[in-house]
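The values are calculated or read from the model by the stated rules, or taken from the named source; none is laboratory data. Keep in mind that what you see is a predicted model, and the values were worked out from it rather than measured. Using ideal geometry, Cβ is built from the backbone for each residue, glycine included, and neighbour counts are taken over all protein chains shown. These area figures cover heavy atoms from the full protein model, side chains too; ligands, DNA and RNA do not enter into them. Shrake-Rupley method; radii C 1.70, N 1.55, O 1.52, S 1.80 Å.
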Amino acid sequence: MSKQKQTVNRAGSLPLGNLAQAVSRTNVSNDRGGAWGVFLHYLKMAFRGLTKYKWQNIVCILGLAVGFSAFALGGYWWYWENNFDDFHPNARHTFGITTTGITKASDGSATELDQLPGDDAAWILQNIPEIEQHCSTGWAWLKYTHGGKTERIMGLSVEPSFFTMFYAEFIDGGYEHDPFDGGSIVLTERAAMKYFGKTACTGEVFPDGTQKVAGVIKDYPSNSDFRFEFLTLARSVSNNVGRSTFYVQLNRHARVNDVRKKIESHQSIAKARFPGEDTKEWSFNLRTLSEIHLNCHPELKSRFRNIQLLALAGFLGLISSLMNHLVLFAGLQQRRQRRNNTFRSLGASTSYLFLRSFIDLLIPLVFALILSVAFVRLIFPYYQSYTQWQGYGMLEKYISKVNFNAVMYTSLKWTGLIIVLFLMAGSLVIAGILRKTGGQTPFSPRRGLIICQVFIGSFFLFIALSLYKQFYFTKNKDKGIHVENIIQIDAGVYGIAEHQTMKKELLRSPYIEEVTLTTTPVLTERGDHYLSYITNITLNEERYNEIRALMVEPNFKDFFGITMKEGDWMSGETEVVMNEAQTHSLGNINLVGHPIKMAGLGEGKISGIIHNYNYSTMQYPVVGLMFHLPGKEAITAYEYAYIKTKPENRTKALEHAQKILETMETDDIPEEKRFRVLTDIMEEFNRPERTLSLIFGILSLTCILVVSFGIYSLITLTIEQRRKEIAIRKVNGAEFTDMLRLFFREYFVLVIIGNVFALTVGYYLMQRWFETYTYHTTLSWWLFAVVLAITCIIVFLSVVSKISEAAKVHPAEALKYE
């Protein structure tokens, strides 16, 4: 009897006496506490099982928690960006009409603007009867003086239909009784509290103005492209180039695709406003409110790309962790099959065994879900900072941020649905195992799950290594410009009126070595060199439009360490210098010394060509730029000052510069952007690649870890089922290496299959990814070798461990196993 008892224990079961007691206790619990007593007993047994395989369950729960967290954060970011302005009551029927072709991106492609020429708007209203309402908006401004400083406040000029088409919940007052003549405004709740200290301010006059407050509305959520502090009640007026933001609301029975085709087929009837402007090349689009956000912000192109990759990573991470849990669970249930058969012989019902197994499946999910909420709460500040979107130019004050409660609410809904589907699949696995009342029957889908896990783990690892390689490349590539020990001062849209005076004041500090001024930031997050002004030139009697021009100072080249390719730097206000990219766009002819006529400067000559320097991320190409010194009648103003200082003198230099800037009107610039270290801006360029490589690195390590336990579990189960075979081979003279080779070959095939798919998909994806960069690294052979080697080592160590354990068992004992 003792030998039989010993054999049963080796199979992971309990002695017969204990099994009978367990069934008896269950019956007693059922009699005393009803269903609740049975449930508590099942929970107790499930927790006992968790502690028995504690390391396996710890890794499983951690893997699930990381999977849940990645899915919640990556998925919600994608959801948030794709649902801008979906909170409006009529969002399903409200659209914006945009124009493609007015401007171009840095790569030469036509960009889309949320503007519509007035003539084309009139045609659309006349020829599309499905339009129920329409509304135009335009920019409006107020001034507010406090403490001797004047602040410009941004708002929108809106028509009466704005309040019926879009979200406008009034806290105080209303709009119905105002004439919409520009004399009344509606404040946001935030603005009312800031400028009046209360929301009940209807009828009062706004400080420093003549507009009367007609009402106060609740603030818009952060995921909105409507950025304003107030609404001016005024009839629609187009901007200075005859365009405005234009929205339409279609009736409930309108066929949206038919309306979209009609708008897309319309050829512009707008008049050209600039020399060389061809309105016939413009095209029009009917966009949902969310699509406007996705299509009319070319500076967010790389952001949307990152979102898609992170959302995919989160989903795959969750799937991998769930597959690992199912693999480990199935292995555990099969090892308990002998015990379950014994329970049956003692009177246990199938429902009893099913519920016990189901709770075993559920408990790790509950723990992991709780732990994932803690993970999300812990890293949320970093996540919020990384995902926030700050406007540019006059919209720099507005920052869109995700909300923790919204992340939790939305993510738990999605996660709950996936858990329900997973539990349904797990129930089928439990039912399938319980139906097998005979000997040990392998759970065949487990090999497929192992292949899928190897695929996801190897895929993540390959992506992480590729992203890090690109990050290392972009960080260390020579950008053609020196940015060390330089601080950027943003003086705002008003510019530096007395620039020479400001320069002299800055140089009074002994801690500032040199100063130079520009009209545009030398480094920019956008790829089209935002803030460089557009002009036209005449060269060889041919006119060129949309030339990006920068007004700089004579010391600009030496200050930033930019080198000449040919010719000389400018020595007078009638000379200009171009970069290599600009000469390419003009036909690569020998331009040095050529006469040129430029708007605002008159006639002059091209004195030299500079080497390209990278002023943005490696994703964007260097666009053509032309540099000139200020003329007698400069058509733009310096907006940026750059100071050079030693690291040990930075604090003193900044204190001196801040005192000077306090005398200027720069309230339109956020505090954190008034002074920026150029090396920090360079680091920001590399932030997406650095963060993505870190995220994929964590996910790959987590997946590799849980895959290791999944493979280890599969090998453990297989060797337990083939213990008798191992004993017979050992009796017949098989060596350890022979058995190792036999088992390793089987699992090596699974690893190869998983890696073939992972590396193929990873290679295709990263090749497409690198194509979005103008300058990028290459996928080296060692990336494939490292990924394959790591997964093979994991399998090899797992096989060695279990074969060594099985080989130590005496053949006589092993043969008694069955």
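Brief remarks on what is shown
- Between 328, 309, the distinction of being on the phi < 0 side of the Ramachandran plot and under 24 Å from the mean Cα position of the chain (by Cα) belongs to 309 only.
- Among the residues examined, residue 749 qualifies as of a type in the set (A, V, I, L, M) and free of Cβ contacts under 8 Å to residues at least 40 places away in the same chain.
- Of all residues in segment 152-165, at least one satisfies being open to solvent by 40 Å² or more (accessible area, probe 1.4 Å) and touching a Lys or Arg at 6+ places or on another chain (Cβ under 8 Å).
- With respect to being at negative phi and either open to solvent by 10 Å² or more (accessible area, probe 1.4 Å) or in contact with a strand residue (DSSP E or B) (Cβ under 9 Å, 6 or more places away or on another chain) (or both), residue 180 falls outside the description.
- The listed residues are 784, 757, 748, 744, and the only one of them that is of a type outside the set (Lys, Arg), assigned to a helix (DSSP H, G or I), touching a Leu at 6+ places or on another chain (Cβ under 9 Å) and surrounded by 13 or more Cβ atoms within 10 Å (Cβ to Cβ) turns out to be 784.
- Scanning segment 220-235 for residues that are open to solvent by 50 Å² or more (accessible area, probe 1.4 Å) and either modelled with pLDDT under 90 or in contact with a helix residue (DSSP H, G or I) (Cβ under 6 Å, 6 or more places away or on another chain) (or both) gives a single hit, 235.
- Matching residues, segment 763-778, being at pLDDT below 90 and either surrounded by 15 or more Cβ atoms within 10 Å (Cβ to Cβ) or not in a helix (DSSP H, G or I) (or both): 765, 766, 769, 770, 771, 772, 773, 774, 775, 776, 777, 778
- Residue that is most open to solvent (accessible area, probe 1.4 Å) [pool: residues in segment 281-311 that are charged (D, E, K, R) and part of a helix (DSSP H, G or I)]: 281
- Residue check for residue 249: open to solvent by 60 Å² or more (accessible area, probe 1.4 Å) and either assigned to a strand (DSSP E or B) or touching a Lys or Arg at 6+ places or on another chain (Cβ under 9 Å) (or both): no
- Every pair of residues 6+ apart whose Cβ atoms lie under 6 Å, when the first sits in segment 561-577 and is farther than 9 Å from residue 628 by Cβ while the second is of a type in the set (Lys, Arg) and crowded, with 19+ Cβ neighbours inside 10 Å: 569/557
- Verdict on residue 185 being free of Cβ contacts under 8 Å to residues at least 60 places away in the same chain, open to solvent by 40 Å² or more (accessible area, probe 1.4 Å) and of a type in the set (Val, Ile, Thr): no
- Condition check for residue 190: surrounded by fewer than 20 Cβ atoms within 10 Å (Cβ to Cβ), at negative phi and in contact with a Phe, Trp or Tyr (Cβ under 8 Å, 6 or more places away or on another chain): no
- When residues in segment 553-578 are screened for being under 14 Å from residue 598 (Cβ atoms) and either open to solvent by 70 Å² or more (accessible area, probe 1.4 Å) or in a strand (DSSP E or B) (or both), 6 of them pass.
- Scanning segment 466-480 for residues that are under 15 Å from residue 688 (Cα atoms) and either open to solvent by 50 Å² or more (accessible area, probe 1.4 Å) or among the basic types (Lys, Arg) (or both) yields a total of 5.
- Test: residue in segment 780-794 that is under 30 Å from residue 333 (Cα atoms) and not hydrophobic (A, V, I, L, M, F, W, C): yes
- Of all residues in segment 357-396, those being among the aromatic types (Phe, Trp, Tyr), more than 30 Å from residue 435 (Cα to Cα) and either assigned to a helix (DSSP H, G or I) or open to solvent by less than 40 Å² (accessible area, probe 1.4 Å) (or both) number 6.
- Within segment 664-686, if we keep just the residues that are at pLDDT below 80 and out of contact with any Lys or Arg (no Cβ under 9 Å at 6 or more places or on another chain), the residue that is surrounded by the most Cβ atoms within 10 Å (Cβ to Cβ) turns out to be 664.
- The residues listed here are 168, 122; of these, the one that is of a type in the set (A, V, I, L, M) and free of Cβ contacts under 8 Å to residues at least 40 places away in the same chain is 122.
- Scope segment 62-85; condition open to solvent by 30 Å² or more (accessible area, probe 1.4 Å) and part of a helix (DSSP H, G or I); matching residues: 62, 66, 78, 79
- Single condition residue 394 does not satisfy, out of (1) closer than 30 Å to residue 156 by Cβ; (2) modelled with pLDDT of 80 or more: (2)
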